[in-house]
Structure formats: C-alpha cells, structure tokens
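Step one of this worksheet: look at the structure below.
Each value in this text was obtained by applying a stated rule to the coordinates, not by laboratory testing. On a predicted model such as this, the values are computed, not experimentally measured, just so you know. When we count neighbours, we look across all protein chains shown, and the Cβ atoms used for this are built from the backbone with ideal geometry, even at glycine.
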Amino acid sequence: MRQILYPIILVITALGVGFGLSYFSLEDGRELTATQYGVWSGWPDLGTAQIDPYARAHLARQGMLPLGKGEGVQFFAQKDGAGEPLNGQCQYVLSGNMPNHALWTLQVRDPANQQVFGHVDSGSMQYGSLGELRLAIAPKVQPGNWINTDGLRNIELLLTLYDTNAFSSLGSEEIDLPQLNLEAC
Amino acid sequence: MVRLALWVLAGLILGGIIHLSVILLLPSYAERDAWSRLASIAPDQAFVALDQDEQDLASALQLDPALAYGVCQFDLARGPIFIDGKLPHSFWSIAIAARDGRVIYSTTSRAGSGDEIKIGVFNPAQSRLLAEEGLEIGQGFLIVNAPSNQLTAIVRLWPEHEPLRPRYNEALEQISCTHDAAI
C-alpha cells in the first residue's frame, strides 16, 4: 500500500508546490517584490536589461508593451491612504507634488481586465503656485481638476511618470508620490 | 514516519524545480504576449501606428490612452535595421525591446537628439563587421547592440491635444525602419 501511497504524495506535493507557487508569484505574490511609495507600488527596474525572471514572466503573462526605464516608471494604487480598497462610486482626492518628469499620465482602470475608464495627463491640469496638484477622483463632474471613475465598483489607479530620473539615484526610496485620500462616499 | 517525511521533502524539491522551470520558460511559450499580438498587425520594414480605438488591442497591450504609439517589428537575421525619422515637437520616447520583453535600449526627446530619431540596430556579428568597416552606414546614426535578433521598436509620442492625434499617427508611420543602410 505504502509503495503506491508515497509516490502519489510525492507527485501531488510536487505539482501543488510547483504550479501553486508559480501562480502565486505571478498574481498576488507580485506585491511582495514591489517597492512601496505611500499608496503607490511599482517595480522601477522593470524596464531594464537586468529585469529579473519573475518580472519577465509577469510581463509575458500580462502581454503589455514594455516601457524602458529611461522612458518612464509606472505605479499602481488599489487602496486609499487609510488602506481601504478603491471604489469608483466614492470620491477621492489626490494631492501633492509629482517627482520630476517630462510628462505624467493617470488612468482609472478596471483591475479585472485592465480596461481604461478615465484618464488625465499633466498637460491638462491646473497647478498651485508651488506646482502642487489637487485632483478629484470621482464618478461625477468636480470643480478644478477631475478624473472620471465612471461609477465602477472596483478601480485601480495607474500613474506613469515619463522621463523621470527620480528613481534611478540613491535615496530614491524616500521619494514622495502624491497622497490619495477618501473625501466622501 | 521518516520515510513519509523524505517523500514529502522530495516532493517539495521537485515542486521547486517545476516552479523555476515555469518561471523561466513561460516567456518563451507565451502565445498572447506583446510580440505575438504585434506580429499580426506589424508590416514588414515599416512603422505602424496602433489604433487606440481598438479596445481589445489597447487593453491587451495596456496602452496609455494619452499617447500615440508607433511600432516596428524586425529580425536582425536579415541584416541590421535602420530607424530614421523626424517627429513633431512634443514629448516622445523610443524603446528597443527583445521578444521576451527585455528593454535593450531606450531614450527620449529630452536626451538631446531634438526631434530626430536615427538609430541603427546591430546583432553581435554585425557589430563586429561594423567595427571592421565592412558595413557602411549613414552619418549621425546611434548604434545599438542587440543580443538577440527578434526585436520590436516602440515609439511613444504625446499629442498635447486630442485633435493632433491623426497628424501625429501619420508622423509615426513616416518613420522608416528598413534593412537598407541609409546613406
């Protein structure tokens, strides 16, 4: 009996661990290797020739066009400053300064299929006298800067900073990205 | 009991090997990666502007809706590639990416070349020929050494206003991407 049972245990463990670990590291586990900047997380080394095998597998699985590090860096936010998941029916405010850039864009996406629902870029924003930004993220038109969430339940924000050198130098771990706070729900 | 533990341990080790193989082999077997998707729309030796209105393509490639994209796919096995063109005076960037998504080279409009792109892409054997002056290339070309043959050049261009998009897409398709040594 044991002569059959043990090999079966071996095969089940091997397959479970092998594919389970692979799936986890490409899905939820991706977060573990990300660099955190407040509510934002990203992989600033994604667009380099020194890309690690996990990031490479992730790129292949996602099927997205690669973005060179010299071109830009991307960050995701799926939770607000209080740690609650973002909801497209609520109203949020993004405030603060962007690190140096040639251009930045912000997209509101459906995390399930990466479809984009609202987007803005640095060229269409009004800034404060010190270059600070205040952007409303809401399902209804807001005064000042506004990005539409389309009333979608689950949303994620994707921030792309084009041509930024803020993340290639020493001390880049201490860079502040704009804060994201819940206003009303 | 010790026997069972040994079998489980062997299972764990085997699982680890499977995990590493999956992670390392996945990029070469992926059928819906960016390379394969572009292969069906990219013409031979020319840039094509990606249509942002095509929902499937835009979300699969995760295009930034604020930008206009031009792509050219090429194979260095047929000779070095020359990318030559002039872009509108706005923010642009170019990346040369290998089939597995590795970015080999990238630069932007702020790097000093103005509105002109002049890049020659060579594989190691062609670079050697170039160094021995066995190849003739035009003036002002930036030489990029690529470790692999199958590559994609991706140009991102920012239309400051939406009405500029058609003209910018046209400009992207005007960039040449050929095996002919530009002289």
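Taking 0.36 nm per residue of sequence separation and removing the Cα-Cα distance, the A:ALA82/A:CYS185 pair yields an extension gain of 35.7 nm. The phi-based Karplus calculation (6.51 cos²θ - 1.76 cosθ + 1.60; θ = phi - 60°) puts the 3J(HN,Hα) values of segment A:66-73 at x, 10, x, 5, x, 8, x, 9 Hz, whole numbers, x for Gly and Pro.
Across segment A:37-184, counting alpha-carbon atoms alone, Rg and Dmax equal 15.2, 45 Å.
Sorted fewest first by neighbouring Cβ atoms within 10 angstrom, B:GLU132, A:GLU183 come out as B:GLU132, A:GLU183.
Under 5 Å from the amide H of B:ASP51 lies no amide H of any residue 5 or more positions distant or on a separate chain, with H modelled from the backbone and absent for Pro and chain starts.
Neighbouring Cβ atoms within 10 Å as the yardstick, rank B:ARG156, B:ARG32, A:ARG30 fewest first. Intermediate results must be reported in sequence, preceding the final value.
Details: B:ARG156 28, B:ARG32 12, A:ARG30 17.
So the ranking, lowest neighbour count to highest, is B:ARG32, A:ARG30, B:ARG156.
Look at B:ILE104, A:ILE137 and count the other Cβ atoms within 10 Å of each Cβ; fewest to most, that gives B:ILE104, A:ILE137. Only aspartates and glutamates eight or more places from A:LYS140 in sequence, or on another chain, were considered; those with a Cα closer than 16 Å are A:ASP150, A:GLU183. Close amide H contacts of A:LYS69 (hydrogens built in the peptide plane, cut-off under 5 Å, sequence separation of 5 or more or a different chain): A:GLY47, A:THR48. From its DSSP helices (H runs of at least four residues, each -39,500 (n - 2.57)), chain B gives a residue-normalised ellipticity at 222 nm of -10000 deg cm²/dmol. At what distance in angstrom do the alpha carbon centres of segment B:67-91 and segment A:1-48 lie from each other? Using only Cα atoms to place each centre, the spacing works out to 37 Å.
How long are the three semi-axes of the equivalent ellipsoid for chain B, computed from the Cα gyration tensor as the root of 5 times each eigenvalue, in whole Å, largest first?
For chain B, the ellipsoid semi-axes come out as 38, 24, 13 Å.
Would you please give the FRET efficiency between B:GLU31 and B:HIS179, computed as 1/(1 + (r/R0)^6) with r the Cβ-Cβ distance and R0 = 30 Å, to the nearest 0.05? Intermediate values should be presented prior to the final figure.
Numbers: r = 27 Å, r/R0 = 0.91.
For R0 = 30 Å, the calculated efficiency reads 0.65.
Binning the alpha carbon pair distances of segment B:106-177 at 5 angstrom intervals from zero yields the distribution 3, 12, 20, 21, 18, 13, 7, 4, 2, 1, expressed in whole percent.
If I require 15 Å or longer along the helix axis, counting alpha carbons, and a Kyte-Doolittle average no lower than -0.5, what helices from chain B are left? Use full DSSP H segments. The partial results should precede the final answer.
Working: long enough: B:2-29 (40 Å, 1.93).
Qualifying helices, which must be both long enough and hydrophobic enough, are B:2-29.
Cα axis of helix A:2-26 to longest principal axis of chain A: angle in degrees, 0 to 90, nearest 10? So the inclination is approximately 10 degrees.
Where a Cα-Cα gap under 30 Å defines reach, which lysines qualify for A:LYS69, not counting those fewer than 8 residues away within the same chain? Reachable lysines: A:LYS79, B:LYS86, B:LYS118.
Close amide H partners of B:ILE143, meaning residues 5 or more places away or on another chain with modelled amide H under 5 Å apart, are B:GLY120.
Karplus-derived 3J(HN,Hα) values for segment A:141-153, using 6.51 cos²θ - 1.76 cosθ + 1.60 with θ = phi - 60°, are 3, 10, x, x, 6, 8, 10, 7, 9, 6, x, 5, 5 Hz; glycine and proline are entered as x. Each residue of segment B:92-108 is assigned a 3J(HN,Hα), and the resulting list reads 9, 9, 10, 10, 9, 10, 7, 4, 7, x, 5, 8, 8, 8, 8, 8, 9 Hz, derived from the Karplus form 6.51 cos²θ - 1.76 cosθ + 1.60 (θ = phi - 60°), x at Gly and Pro. The C-alpha atoms of chain A define a longest principal axis, and helix A:53-62 lies at about 70 degrees to it. With r as the distance between the Cβ atoms of B:LEU9 and A:TRP146 and R0 = 56 Å, compute the FRET efficiency 1/(1 + (r/R0)^6) and round to 0.05. Plugging the Cβ-Cβ distance into 1/(1 + (r/R0)^6) gives 0.45.
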